[in-house]
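Peer 1: Handing you this structure, nothing more for now.
No value in this document is a laboratory result; all are computed from the given coordinates. Note that the structure is predicted; figures quoted are calculated from it, not measured. Here the Cβ is made from the backbone with ideal geometry for all residues, glycine too, and neighbour counts use every protein chain on show.
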Amino acid sequence: MEGKGCFGNFFEKAKPYIAMICLQFGYAGMNIITKVSLNRGMSHYVLVVYRHAFATAVIAPFAIVLERKVRPKITFKIFMQLFVLGLLGPVIDQNFYYAGLKFTSPTFSCAMSNMLPAMTFVMAVICRMEKVDMKKLRCQAKVVGTVVTVGGAMLMTVYKGHVINMFWSQYIHPNKSYDPVPTTQVDADKDWVKGSILLIIATFAWASFFILQAITLRKYTAQLSLTALVCFMGTLQSIVVTLVMEHRPHAWAIGFDMNLLAAAYAGIVSSSIAYYVQGLVMQKRGPVFVTAFSPLMMIIVAIMGSFILAEKIYTGGILGAVLIVIGLYSVLWGKYKEYKEKESEEILDPVKDGNQNIGMVEDIEANNVLVHRESRMSIPAVAISAPMTHPPMLALEAPKA
């Protein structure tokens, strides 16, 4: 029984870590599938619309049934927060991210997204959701880990180094490439810079989405309903943006092909499931903990890209990945220490209250004993002085019975 209890306690503590690691695999698959779909000509505006339409259709029934009794009322303030969440996540973040992904590569896009923990940490400090006391080791670990993570991501983009030929690369797609038709070197460099700027804007919007989501969950605690409403808002807003930006009627056409798979996978895994799981973990550990796992996605994409897209892996990518992992664990260590401190404080508060209650009970018991002793001392005097037919000893024993 003790073994089961220990395992259950370990699993309970490990659930946030397992959930976030699984999400990174889901995000990595989305990057690979989406890159193939965009290179085949799908509009990223249309992809965002279909993605959130799928997400709304999947998550809404669960929200309606499971949270019908616990769903809070939507005030005007909450409605505006939902509107901005739909604008930040589905519209700004994903449209800019897909555009940047189209101009660059999945591994590069994921590397640029590794600025997310740093942006989220800084914004959380500004919004007073994170406290930084540089005298404490855990705060130093979070700051240093954030800087190292960003440094590793930047190293991947600036320094390439020699190509590392994996033994499976020559056997997987040796003569086939999923990259778009190459242009001149000048145009390619311009597209690379343009894609980098778009990815930075997308990452900033993503960090803002996490902060606002954490704030909204304080008042609107129904996670499934919040996810469904954000996806629905994002769908409506994306339709408006697509009608303005995309003037080709055939761009809306979709069949049983890679485009449908990209929209369905991104909608079900990367939107509905991801938003819900992130909300649950965020309520327990905060937005910085959620974003601290994003560097893992880059490593997964680099490995998957070499298998599926025959992407080349460079020495700079390996060195940057090592730095990112070091920074990631530094941030997580700081968050773990902070979590343990909060846990100990929550345990100490009831103990203090309990000690105060015990002291009060002891005082009451002492007073009762004193009163009882005084009463026993006063009883014999009354009994002896009173005229009674029985001997005085019987009068003394009567109160004891």
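Peer 1: For the pair residue 346 and residue 83, how long in nm is the line joining their label points, each one 7 Å along Cα→Cβ?
Peer 2: A separation of 3.5 nm, rounded to one decimal place.
Peer 1: Turning to a different aspect of this structure: If you take the Cα atoms of the range 99-138, find Rg, then find the Kirkwood Rh from the mean of 1/r over all pairs, what is Rg/Rh?
Peer 2: On the way: Rg = 14.8 Å, Rh = 12.2 Å.
Taking Rh as the inverse mean 1/r over Cα pairs, Rg/Rh reads 1.22.
Peer 1: At R0 = 45 Å, how high is the FRET efficiency between residue 40 and residue 133 if r is their beta carbon distance? Nearest 0.05 is fine.
Peer 2: For residue 40 and residue 133, the calculated efficiency is 0.30.
Peer 1: Same structure, new question: Principal axis extents for the range 195-321, Cα atoms only, whole Å, descending order, please.
Peer 2: The principal-axis extents, from largest down, are 47, 43, 28 Å.
Peer 1: Going by the alpha-carbon gyration tensor, a ≥ b ≥ c the square roots of its eigenvalues, is the range 192-259 rounded (a/c under 1.5) or, if a/c is not under 1.5, prolate (a/b greater than b/c) versus oblate?
Peer 2: Values: a/c = 2.42, a/b = 1.38, b/c = 1.75.
Here the range 192-259 falls in the oblate category.
Peer 1: Taking the Cα-to-Cβ direction at residue 69 and at residue 240 and moving 7 Å from each Cα, how far apart do the two end points lie in nm?
Peer 2: That separation, rounded to one decimal, is 3.7 nm.
Peer 1: Assuming R0 = 25 Å, can you tell me the calculated FRET efficiency for the pair residue 7 and residue 337, based on Cβ-Cβ distance, to the nearest 0.05? Spell out each step's value before the answer.
Peer 2: Numbers: r = 24 Å, r/R0 = 0.95.
Rounded to the nearest 0.05, the efficiency is 0.55.
Peer 1: Enumerate the residues in the range 112-136 having an amide nitrogen under 20 Å from the point lying 7 Å beyond the Cα of residue 147 toward its Cβ.
Peer 2: 114-126, 130-136
Peer 1: Please quote Rg/Rh for the range 1-92 to two decimal places, taking the Kirkwood radius as Rh and restricting both calculations to Cα atoms. Mind dumping the intermediate values first?
Peer 2: Values: Rg = 18.9 Å, Rh = 17.1 Å.
Rg divided by Rh gives 1.11.
Peer 1: May I ask which of 131/219; 77/219; 142/335; 131/335 have a Cα-Cα span longer than 18 Å here? Spell out each step's value before the answer.
Peer 2: Working: 131/219 22 Å; 77/219 10 Å; 142/335 7 Å; 131/335 11 Å.
The answer is 131/219.
Peer 1: Additional query: I want to make sure I understand the PRE zone here: with the label point 7 angstrom from the Cα of residue 218 toward its beta carbon, which residues in the range 112-150 have backbone N atoms less than 15 Å away?
Peer 2: 124-131
Peer 1: Dipole of the range 1-112 (Lys/Arg Cβ +1, Asp/Glu Cβ -1, origin at the Cα centre): which of 64, 20, 47 lies farthest to the positive side?
Peer 2: The Cα lying farthest towards the positive end belongs to 64.
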